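Below: one structure, written as structure tokens.
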Amino acid sequence: MPGGSRPASRPRAAERRPAQGRAAQPRPAQPSGSVDEGKIAEVIGPVVTDAGMDLESVRVTAAGRRRLLRVVVDSDHGVSLDDAAAISRQLSAALDEATVMGEFPYTLEVSSPGVDRPLTEPRHWRRAVGRLVKVAVTDTGATSGRIVSADQEGVTLDIGGARRHFPYAVLGAGAIQVEFGHPQSELGATGDGH
């Protein structure tokens, strides 16, 4: 760097941040520091699929000079700590070969979805069978019920002892209701709701 430009570059970088109005999300002033979450998903998606999992989300946030890459994966059998560690190693290798993270160092965090994840895909509903859910239904408003089954066409809910089938087209995003144990009578005859 030329000696005369160094003092001018620091104030300019400091002036840019307030002008962007992003005090809560500090980002470097250089455009080369930006990352595209869609491109990251393109790189890691096949790795996740090959591991028998689904890529639920990719989120990148700035953390000082580093980036925090949060990847959420899920599968029909859940995601154990061993599963998360194994896929994390595979994703790190794939990301090291690609340039999608830019020139800044990053920390990779792999996790499974929490109970607050909205149920929006058939696989979300299928994996929540046995759980109590609240969902908006077109023309009838919100309803609550226990998920009895879910397939590619829709969801069957137990609502007050009566089973009703709803196609996905009439359902909004489902929200799992947190329960601290639920009575066996609500689980049906087999008692194996979860």
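Among the helices (runs of 4 or more DSSP H) confined to the range 1-106, the ones with at least 3 residues that are under 16 Å from the mean Cα position of the chain (by Cα) and either at pLDDT 90 or above or surrounded by fewer than 11 Cβ atoms within 10 Å (Cβ to Cβ) (or both) are located at 37-50, 81-97. Residues in the range 118-136 that are surrounded by fewer than 19 Cβ atoms within 10 Å (Cβ to Cβ) and in a loop (DSSP other than H, G, I, E, B): 5 in all. When Val71, Val137 are checked against the criterion of being in contact with a helix residue (DSSP H, G or I) (Cβ under 8 Å, 6 or more places away or on another chain) and without any contact (Cβ under 8 Å) to a residue 40 or more places away in the chain, a single residue qualifies: Val137. Evaluate the following for Val155: is it open to solvent by less than 60 Å² (accessible area, probe 1.4 Å), of a type in the set (A, V, I, L, M), farther than 30 Å from Gly64 by Cβ and not in a loop (DSSP other than H, G, I, E, B)? Judged against the criteria, Val155 is a match.
The values are calculated or read from the model by the stated rules, or taken from the named source; none is laboratory data. Keep in mind the model is a prediction, meaning the values are calculated, not measured. Heads up, the Cβs are rebuilt from the backbone with ideal geometry, glycines too, and the neighbour counts pull from every protein chain shown. For accessibility, only protein heavy atoms count, side chains too; no ligands or nucleic acids. Shrake-Rupley method; radii C 1.70, N 1.55, O 1.52, S 1.80 Å.
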